[in-house]
């Protein structure tokens, strides 16, 4: 157990470093024994190209790390505030996955039932036997759409994915569904509950528990949102930048590859537009700070602030159960998935074998580790290359692992 009062932090990277002329301060609190996470966070600004970010860790249902720093916008001057929220991209998927698992826990959704039992229109183009479990584990065979759809029409995605012919026979292989995952589980939740996934999340989970995390940012919260920008990772010691493996690089470079087509299933859009933030895309447009992301995962596996855990032990076990593993037809690396969650492995190293969660393309990460009762959240406004294993997030995870080992 961690004891002692949390220590306030006011650390300046390199003693007097600046980002766009603004001192890059790191603020917040850390419990005794967790100072290594603070140090890793500060080094991210100094060594790994961080501009603005937040990181939080819960252990045994209470915060032991809560830090933020830099600027809200990569090219801005306004400091990142304690209540700033940013786009978490595909880290949204781990949040969204809790909804169908809770519906299953409550007896409202059978993971082994055909999707068509809840969504009749889905029984088309060879998808009649697709099971709910296969949607959650990226085994549905529909990672791409023949024609990209706009986010502005909430019915366009579900309608297109219901009509789409699968790339492979559902259930026989796996490949990451970057955008279609959201339309698949979002429509499934709507058919079961009569409510959108984002609304169900707000009414049943985040609202009652005071978690500032949204899939569909309300107008009243738009002022808290910072912008995200793609940035180049800093050069390593020899002046070069780390390069992906050739097969991965070729997959992303080829416009006809399954990889490129899958990531292009959503029509091009401005991720910083208020209308995009307000839409409900359960695969990609969650808005949160690290504190909320860590608190969300802590709430799945244990009591927080007097509330019972959201998941019963059987659902925790289900979330961490491997459903897909091996070469990923979309990401072109070996991945591991449970029903809705990425699992600890080479493509996405988490805290340990019991961990389940989800990264976001470019950096964000959230996960729970039931064996250690630790939950983790990281958000950033500088989205670097890569879908998994972002070096800034991984530096923080290593620091958490070290702190966990020393604090008992």
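The values are calculated or read from the model by the stated rules, or taken from the named source; none is laboratory data. From a predicted model like this one, the values you see are computed outputs, not experimental measurements. Note that we place each Cβ from the backbone using ideal geometry, even for glycine, and neighbour counts take in every protein chain shown.
When the residues of region 84-128 are filtered to those that are out of contact with any helix residue (DSSP H, G or I) (no Cβ under 9 Å at 6 or more places or on another chain) and touching a residue at least 24 places away in the same chain (Cβ under 8 Å), which remaining residue is surrounded by the most Cβ atoms within 10 Å (Cβ to Cβ)?
86
From (1) surrounded by fewer than 21 Cβ atoms within 10 Å (Cβ to Cβ); (2) in contact with a helix residue (DSSP H, G or I) (Cβ under 8 Å, 6 or more places away or on another chain); (3) outside any helix (DSSP H, G or I); (4) in contact (Cβ under 8 Å) with a residue 24 or more places away in the chain, pick out the condition that doesn't hold for residue 389.
It is condition (2) that residue 389 fails.
Quick one: in region 29-50, of everything that is part of a loop (DSSP other than H, G, I, E, B) and at negative phi, which residue is surrounded by the fewest Cβ atoms within 10 Å (Cβ to Cβ)?
First pass over region 29-50, keeping only residues part of a loop (DSSP other than H, G, I, E, B): 31-34, 48-50.
Applying the additional criterion that residues be at negative phi yields 31-32, 34, 48, 50.
On the way: 31: 22, 32: 13, 34: 26, 48: 18, 50: 28.
Restricting to residues being part of a loop (DSSP other than H, G, I, E, B) and at negative phi, the top hit is 32.
What's the total number of residues in region 61-83 that are buried (at least 21 other Cβ atoms within 10 Å of the Cβ) and touching a helix residue (DSSP H, G or I) at 6+ places or on another chain (Cβ under 6 Å)?
Final tally of qualifying residues: 3.
Sort out which residues of region 63-90 are assigned to a loop (DSSP other than H, G, I, E, B) and either modelled with pLDDT under 95 or over 30 Å from residue 177 (Cβ atoms) (or both), and write them in order of number.
Residues of region 63-90 assigned to a loop (DSSP other than H, G, I, E, B): 72-78, 80-84, 88-90.
If the condition is that a residue be assigned to a loop (DSSP other than H, G, I, E, B) and either modelled with pLDDT under 95 or over 30 Å from residue 177 (Cβ atoms) (or both), then 72, 73, 74, 75, 76, 77, 78, 80, 81, 82, 83 are the ones that fit.
Output the residues belonging to region 129-139 that are crowded, with 18+ Cβ neighbours inside 10 Å, part of a loop (DSSP other than H, G, I, E, B) and at negative phi. Give the derivation first.
Within region 129-139, the first condition is being crowded, with 18+ Cβ neighbours inside 10 Å, and the residues that meet it are 130-139.
Going one step further and asking which of them are part of a loop (DSSP other than H, G, I, E, B), we end up with 130, 137-139.
Passing the criteria: 130, 137, 139.
Anything in region 342-379 that is assigned to a loop (DSSP other than H, G, I, E, B), touching a strand residue (DSSP E or B) at 6+ places or on another chain (Cβ under 6 Å) and closer than 17 Å to residue 271 by Cβ? List them, or say none.
Matches in region 342-379: 362, 363, 364.
So if I check each of 326, 382, which one is at pLDDT 95 or above, in contact with a strand residue (DSSP E or B) (Cβ under 9 Å, 6 or more places away or on another chain) and on the phi > 0 side of the Ramachandran plot?
Details: 382 fails: on the phi > 0 side of the Ramachandran plot.
Being at pLDDT 95 or above, in contact with a strand residue (DSSP E or B) (Cβ under 9 Å, 6 or more places away or on another chain) and on the phi > 0 side of the Ramachandran plot holds for just one of 326, 382, which is 326.
So which residues in region 35-69 are over 21 Å from the mean Cα position of the chain (by Cα) and over 23 Å from residue 300 (Cα atoms)?
Those that are over 21 Å from the mean Cα position of the chain (by Cα) and over 23 Å from residue 300 (Cα atoms): 35, 36, 38, 39, 42, 43, 45, 46, 47.
Do any helices (runs of 4 or more DSSP H) lying entirely in region 237-341 carry at least 2 residues that are exposed (fewer than 15 other Cβ atoms within 10 Å of the Cβ), and which ones are they? So that I can check it myself, show each step before the final result.
Working: elements: 246-253, 258-263, 274-278, 290-301, 313-319.
Helices (runs of 4 or more DSSP H) meeting the threshold: 246-253, 274-278, 313-319.
Which one of the conditions (1) within 20 Å of the chain's Cα centre (by Cα); (2) within 30 Å of residue 85 (Cβ to Cβ); (3) not in a strand (DSSP E or B) does residue 214 fail to meet, given that it meets all the rest?
The one condition residue 214 does not meet is (3).
Answer yes or no as to whether residue 24 is at pLDDT below 95, farther than 30 Å from residue 191 by Cα and in contact with a strand residue (DSSP E or B) (Cβ under 6 Å, 6 or more places away or on another chain). So that I can check it myself, show each step before the final result.
Working: at pLDDT below 95: yes; farther than 30 Å from residue 191 by Cα: yes; in contact with a strand residue (DSSP E or B) (Cβ under 6 Å, 6 or more places away or on another chain): yes.
Criteria met by residue 24.
Within region 202-212, can one find any residue that is buried (at least 24 other Cβ atoms within 10 Å of the Cβ) and at pLDDT 95 or above?
Within region 202-212, the subset buried (at least 24 other Cβ atoms within 10 Å of the Cβ) is none.
For region 202-212, residues buried (at least 24 other Cβ atoms within 10 Å of the Cβ) and at pLDDT 95 or above: absent.
From the list 142, 95, 99, exactly one residue is under 24 Å from the mean Cα position of the chain (by Cα), assigned to a loop (DSSP other than H, G, I, E, B), modelled with pLDDT of 95 or more and closer than 26 Å to residue 365 by Cα. Which is it? Explain how you work it out, then say what you get.
On the way: 95 fails: assigned to a loop (DSSP other than H, G, I, E, B); 99 fails: assigned to a loop (DSSP other than H, G, I, E, B).
Selected residue: 142, the only one of 142, 95, 99 that is under 24 Å from the mean Cα position of the chain (by Cα), assigned to a loop (DSSP other than H, G, I, E, B), modelled with pLDDT of 95 or more and closer than 26 Å to residue 365 by Cα.
Tell me which residues, restricted to region 303-330, are closer than 18 Å to residue 142 by Cα and touching a helix residue (DSSP H, G or I) at 6+ places or on another chain (Cβ under 7 Å).
323, 329, 330
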